[in-house]
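Notes for the one structure printed next.
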Amino acid sequence: MSDSELSALIGSRLCHDLVSPLGAIGNGVELLQMMQPPSAELDLVSDAVKMAQARVRLFRLAFGSASADQMVTAAELVNGLSALDSGGRIALTCDVSASVPRPAARRLALAAMCAETALAWGGKITLSDDIVTAEAERLKLDAELWQPMVAGAQITAPSSANVHFALLAASGPLRVLTSETEVQIGI
């Protein structure tokens, strides 16, 4: 088993183990909301739990193991990617027509996370069957991350905050185009 396969299994395990406690916290918050008058504090906790659950779904897609015989439905993909627009800063449009193999779903999730990184000040992510597009009036395009991807090269020495770039670059050939207001990542 390769290091990358082992790392993916670790990612899957972490996400699996976090889903249950986050669900329990979410259920507890729902019970509190039914028993108490509405409050800004309880709404804040509820929103935080929903965002954490959405991020775990996204991380499971992006960092979990991806067997070629597994399929991900369009609804599962959209549900996993919903974490990208849960803060209200980014608008997400998913136009995926059908189920996709798990490795392709993983690549789409990683590409969407790269697109999210470019939208530091907000913007729009559009996802189709094989292209992720980020659009905004202003993008944050770190040359150490984007130039190797445009050139089809590997990312050297990524930080933990940018590991999705290295994983995407290592996952297979990409078509990456950048401009001042748009990034397109074709998987």
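The values are calculated or read from the model by the stated rules, or taken from the named source; none is laboratory data. It should be emphasised that the depicted structure is a prediction, and the values quoted were computed from it without experimental measurement. As a convention, Cβ positions derive from the backbone with ideal geometry for all residues, glycine included, and neighbour counts pool all protein chains shown. Note: accessible area is taken over every heavy atom of the protein model, side chains too, but ligands, DNA and RNA are not part of it. Shrake-Rupley method; radii C 1.70, N 1.55, O 1.52, S 1.80 Å.
Cβ-Cβ distances below 7 Å connect no pair with a first residue in the stretch 84-107 that is within 12 Å of GLY123 (Cα to Cα) and among the basic types (Lys, Arg), a second residue that is open to solvent by 40 Å² or more (accessible area, probe 1.4 Å) and at pLDDT 90 or above, and a separation of six or more residues or different chains.
For the stretch 49-62, the condition holds for no residue, the condition being that it is of a type in the set (Gly, Ala, Ser), over 20 Å from SER160 (Cβ atoms) and modelled with pLDDT of 90 or more.
Note on the stretch 37-52: residues that are open to solvent by less than 50 Å² (accessible area, probe 1.4 Å) and assigned to a helix (DSSP H, G or I) total 4. Here GLN70 fulfils each of the conditions (1) surrounded by fewer than 16 Cβ atoms within 10 Å (Cβ to Cβ); (2) out of contact with any helix residue (DSSP H, G or I) (no Cβ under 6 Å at 6 or more places or on another chain) apart from (2). Among the residues of the stretch 44-65, is any farther than 23 Å from LEU14 by Cα, without any contact (Cβ under 8 Å) to a residue 24 or more places away in the chain and within 16 Å of the chain's Cα centre (by Cα)? No: the stretch 44-65 contains no residue that is farther than 23 Å from LEU14 by Cα, without any contact (Cβ under 8 Å) to a residue 24 or more places away in the chain and within 16 Å of the chain's Cα centre (by Cα). Tell me, yes or no, whether the stretch 21-30 has at least one residue that is in contact (Cβ under 8 Å) with a residue 12 or more places away in the chain and under 24 Å from CYS114 (Cβ atoms). No, there is no match, as no residue in the stretch 21-30 is in contact (Cβ under 8 Å) with a residue 12 or more places away in the chain and under 24 Å from CYS114 (Cβ atoms).
Could you grab me the full set of residues in the stretch 37-67 that are of a type in the set (A, V, I, L, M, F, W, C), over 30 Å from ASP129 (Cβ atoms) and in contact with a helix residue (DSSP H, G or I) (Cβ under 7 Å, 6 or more places away or on another chain)? Explain how you work it out, then say what you get.
First pass over the stretch 37-67, keeping only residues of a type in the set (A, V, I, L, M, F, W, C): 40, 42, 44-45, 48-49, 51-52, 54, 56, 58-59, 61-63, 66.
Keeping just the survivors that are over 30 Å from ASP129 (Cβ atoms) gives 40, 42, 44-45, 48-49.
LEU42, VAL45, VAL49, listed by residue number.
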